[in-house]
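Working notes, structure below.
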Amino acid sequence: MSGVDDLMMEITPQVLLKAYACGIFPMAETAVDPGLFWVEPKMRGIIPLDAFHVPRRLARTIRQKPYRLSVDTAFGDVLRLCAEDTPDRPQTWINGRIAQLYNDLHAMGHCHSVECWQRETLVGGLYGVRLGGAFFGESMFSRTRDASKIALVHLVDRLKVGGFHLLDTQFNTAHLSQFGAIEIPKESYEQLLIDALTIDADFYAIDAA
């Protein structure tokens with residue numbers, strides 16, 4: 001697939017970064033399936049950062065500051081909770097191999113998490129991969145109302161301040177569409193990705209603003 005079929009022999013964190021730079025990402029059939037396969041959607045989900053939309057009710061909730069937000073303080077817990085089965089999501093695609101790879105990417109500084117806390121309890125968050133000026137959203141979870149949505153709003157603010165050009169959601173969903181997510185053809189996505197990879201974006205710029 002796009003010249004990376006041979007990468008399936010041994011997926012390391014370094015190989016994974018090369019795959020993202022080619023517009024390809026791995027998934028598992030289920031959390032208990034040990035195998036991985038490469039995915040390259042013909043239609044790619046993205047959220048144009050300059051067209052990001054916060055629904056009115058959510059904006060009111062955010063102003064009330066219901067959660068404490070943090071970044072990269074509980075990456076492993078975020079990933080674990082994203083992988084858990086829930087009543088509305090009876091199975092996930094995050095298996096043990098994927099968990100190890102993305103924990104390794106986090107240790108390398110290429111994978112980040114946004115966390116929402118209610119007192120000392122982690123109630124929502126998301127994680128994704130960073131390369132240049134591109135951020136590849138991987139998964140999110142919510143245990144209380146709007147927690148993952150608020151994490152996404154914070155992520156977009158962070159990406160805008162940091163000079164990012166691309167927020168890749170892999171696929172589009174009704175949940176993401178309310179924020180302005182769209183689908184674009186693979187060829188259009190590849191050009192956006194090429195451009196974004198030339199950008200020296202700063203994921204932590206908002207912390208110094």
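The values are calculated or read from the model by the stated rules, or taken from the named source; none is laboratory data. All figures in this text were calculated on a predicted structure; none of them were measured in a lab. As a convention, Cβ positions derive from the backbone with ideal geometry for all residues, glycine included, and neighbour counts pool all protein chains shown. Keep in mind that these areas ignore ligands, DNA and RNA; they rest on the heavy atoms of the full protein, side chains included. Shrake-Rupley method; radii C 1.70, N 1.55, O 1.52, S 1.80 Å.
Considered as a group, the residues in the stretch 89-100 that are assigned to a helix (DSSP H, G or I) and open to solvent by 10 Å² or more (accessible area, probe 1.4 Å) include one that is farthest from Ala28 (Cα to Cα), and that residue is Gln100.
Look at the stretch 148-160: where a residue is more than 12 Å from Val123 (Cα to Cα) and a partner is surrounded by fewer than 24 Cβ atoms within 10 Å (Cβ to Cβ) and of a type in the set (Phe, Trp, Tyr), sitting 6+ places away or on another chain with Cβ atoms under 7 Å, you get Leu152/Phe179; Val156/Phe52; Arg158/Phe203.
Which residues, counting only those in the stretch 61-104, are under 25 Å from Glu120 (Cα atoms), in contact with a helix residue (DSSP H, G or I) (Cβ under 7 Å, 6 or more places away or on another chain) and at pLDDT 95 or above? Within the stretch 61-104, Ile62, Tyr67, Leu69, Phe75, Gly76, Leu79, Tyr102, Asn103 meet the criteria.
The residues in the stretch 127-145 that are over 21 Å from Ala181 (Cα atoms) and surrounded by fewer than 15 Cβ atoms within 10 Å (Cβ to Cβ) can be counted, and the count is 1. Name the single residue, out of those in the stretch 31-51 being surrounded by fewer than 16 Cβ atoms within 10 Å (Cβ to Cβ) and among the β-branched types (Val, Ile, Thr), that is modelled with the lowest pLDDT. Filtering the stretch 31-51 for residues that are surrounded by fewer than 16 Cβ atoms within 10 Å (Cβ to Cβ) and among the β-branched types (Val, Ile, Thr), the one modelled with the lowest pLDDT comes out as Val32. Of the residues making up the stretch 102-126, not one is loosely packed, with under 15 Cβ neighbours inside 10 Å and under 20 Å from Asp157 (Cβ atoms).
Identify all residues within the stretch 75-87 that are surrounded by fewer than 17 Cβ atoms within 10 Å (Cβ to Cβ) and not hydroxyl-bearing (Ser, Thr, Tyr); write none if there are none. Across the stretch 75-87, the qualifying residues are Gly76, Asp77, Arg80, Glu84, Asp85, Pro87. Scoring Thr169 on the criteria (1) of a type in the set (Val, Ile, Thr); (2) within 23 Å of Leu16 (Cα to Cα); (3) surrounded by fewer than 18 Cβ atoms within 10 Å (Cβ to Cβ) leaves a single failure, condition (3).
Close Cβ contacts (under 7 Å, 6 or more residues apart or on different chains) running from residues in the stretch 181-194 that are closer than 14 Å to Cys22 by Cβ to residues that are surrounded by 15 or more Cβ atoms within 10 Å (Cβ to Cβ) and small (Gly, Ala, Ser) comprise Tyr189/Gly23; Glu190/Gly23; Leu193/Gly23; Leu193/Ala134. Among the residues of the stretch 6-23, those that are at pLDDT 90 or above and over 14 Å from Arg130 (Cα atoms) comprise Thr12, Val15. Of the strands (runs of 3 or more DSSP E) lying entirely inside the stretch 24-70, not one is found with 2 or more residues being under 24 Å from Thr144 (Cα atoms). If the condition is being open to solvent by 80 Å² or more (accessible area, probe 1.4 Å) and charged (D, E, K, R), then the stretch 172-209 contributes Glu183, Glu187, Asp200, Asp207.
Here Ala28, Ala19, Ala107 are screened, and the one residue that is farther than 27 Å from Phe164 by Cα and of a type in the set (Gly, Ala, Ser) is Ala28.
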